[in-house]
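To start, the structure itself, in structure tokens.
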Amino acid sequence: MSKSLLAKRATQLLGSVIDSSTSLLQKQSHDIVRFAMGSPAAEAIPDFEPLAAKVLGAEAFDYAATEGDPGLRDALLEMLDGTSDRTVPERLTITAGGMQGLDIFGKLFIDPGDLVIVESPTYTNGSATALSYGAELAEVGVDADGMIIDELIEVVDRAGRAPKAIYVIPSFQNPSGTTLSLERRQRLIELARRWGSMIIDDDPYGLLRFGGDDIGSLRSLSDGDPLVFAVRTFSKIIAPGLRVGWVDTAPQHQQLIINAKQAMDTCTNLPGQRLVAAFLAEGGLDQHLRTQRERYRERRTAMQTALADQFGSRATWTDPDGGFFLWVTIPGVDTQRLFAAALAEGVAYIPGPAFSPTGRYPDALRLCFASTPPDRIVEGVARLRRALDA
Ligand code: PMP
């Protein structure tokens with residue numbers, strides 16, 4: 001097909017290095033310790049077979065209401081009652097995972113040329129979604145307390161215009177593992193109000209805290225301010241293959257979100273919604289989360305210990321209180337070049353530049369500790385060290 005037939009926006013679709021690693025690794029036939037994808041532990045995926053037998057009758061394969069299956073909406077409202085994300089039906093729309101929530105945000109709020117601020121490093125599938133709607137991106141650094149708000153102010157001053165949106169992953173950030181502090185959350189909300197900017201509050205990992213004290217979500221700290229667009233997903237807390245998530249937004253946006261979905265996928269797949277609803281209705285989520293938090297804490301610590309044993313002072317890494325990821329910096333090492341040697345040794349990760357729209361962080365890499373048992377983590381980190389020494 002002639003390239004000239006393509007819409008301009010097709011050239012704004014970048015593809016995802018992160019997602020491509022799934023198919024890359026599927027093609028490898030040798031043993032690989034997989035620190036690349038941000039997947040939950042295989043042992044953490046609930047046994048859906050008995051639930052499927054109960055809830056997947058023929059009617060579960062019909063079209064569903066665009067805003068979400070009533071059974072899932074009720075179960076989700078009840079689940080959220082116990083969290084800082086407590087909400088009401090008029091704010092809730094079920095989506096096909098967190099990615100669809102991000103896409104709907106772009107569709108409703110981003111015009112070509114709008115300035116969108118992203119963390120640096122960031123989850124580039126999110127920034128790529130903004131780019132696909134023609135956003136101009138500006139990166140703001142992240143430290144141990146999340147997005148550096150003083151730098152945000154400088155970047156906006158330099159841009160000379162208010163951002164349309166500020167995209168943040170406030171808890172156990174992907175990829176750095178760091179958490180936006182309470183004080184910075186409050187400052188961010190104040191600034192967004194002053195500038196009239198939206199905040200995309202993308203928080204897939206908030207319920208997976210295994211250390212430190214809970215901080216209210218941006219959504220709750222802003223008291224349901226229409227400027228905050230909260231994107232959530234069951235991918236990390238239950239299972240990513242379900243492709244079920246939700247957005248929580250001001251009620252005046254709900255109909256537009258439904259309209260956007262009706263021009264996109266009609267409704268979120270009903271069998272997935274029914275399985276999540278059944279899992280929640282059986283009351284297993286609390287225990288499930290307690291088990292996962294314990295598991296992920298153990299794996300985080302195993303990975304940090306292995307890194308200290310293998311790399312000592314040659315590398316530094318973050319100290320997350322939850323979530324899935326460690327961000328490792330190995331000064332002087334090109335982690336994109338190292339990748340081939342690592343794969344040959346039998347270990348996979350995502351190189352740092354994949355987490356910056358401008359390819360920063362050549363000497364960093366993201367490791368997912370969540371999906372690998374501790375003994376394999378030790379083996380994987382030893383392989384990484386061998387790759388480095390090769
Ligand atoms: N946002 C962030 C920060 C994520 O880490 C992910 C998943 N890696 C998503 C959004 C997308 O979630 P989902 O798989 O539910 O689309």
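Data for the structure
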| item | result |
| --- | --- |
| Using θ = phi - 60° and Karplus 6.51 cos²θ - 1.76 cosθ + 1.60, couplings along region 205-210 (whole Hz; Gly, Pro as x) | 10, x, 7, 9, 7, 10 |
| Computed FRET value (nearest 0.05) for D213 with S16, which takes r as the C-beta separation and R₀ as 30 Å | 0.35 |
| Choice from F35, F48, F279 showing the highest fluctuation, given a GNM over the chain with Cα pairs closer than 10 Å | F48 |
| Separation in nanometres of the label points that stand 7 Å from Cα toward Cβ, at L56 and E183 | 5.1 nm |
| Relative exposure of D213, D321, judged by other C-beta atoms within 10 Å (fewest first) | D213, D321 |
| V347 long-range amide H proximity, modeled H, under 5 Å | V33 |
| Global geometry of region 32-94, whether rounded, prolate or oblate, following the gyration tensor of its Cα atoms and the 1.5 cut on a/c | oblate |
| Burial ordering of Y63, Y361, fewest other beta-carbon atoms within 10 Å first | Y63, Y361 |
| Nearest-0.05 FRET efficiency for Q28 and R290, computed from C-beta distance (R0 30 Å) | 0.30 |
| Residue-by-residue Karplus 3J(HN,Hα) for region 315-320, coefficients 6.51, -1.76, 1.60, Hz, glycine and proline x | 9, 10, 8, 7, 10, x |
| Size-normalised alpha-carbon gyration radius of region 1-59, reference 2.2 N^0.38 Å | 1.86 |
| Global form of region 151-228, assessed from the alpha-carbon gyration tensor, a/c cut-off 1.5 | prolate |
| Nearby lysines by direct alpha-carbon distance to K8 (threshold 20 angstrom, same-chain neighbours under 8 apart not counted) | K107 |
| Shape of the chain, Cα gyration tensor, a/c cut at 1.5 | rounded |
| Three semi-axes of the equivalent ellipsoid, region 268-325, Cα gyration tensor, whole Å, largest first | 36, 13, 7 |
| Whole-Å distance, taken between Cα centres, linking region 159-217 and region 314-390 | 25 Å |
| Fewest-first sequence of H253, H30, H288 by Cβ atoms within 10 Å of each Cβ | H30, H288, H253 |
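Quick note: the coordinates plus some simple rules give every number you see, no bench work behind them. Note that the structure is predicted; figures quoted are calculated from it, not measured. Note that each Cβ is placed from the backbone with ideal geometry, even for glycine, and that neighbours are counted across all protein chains shown.
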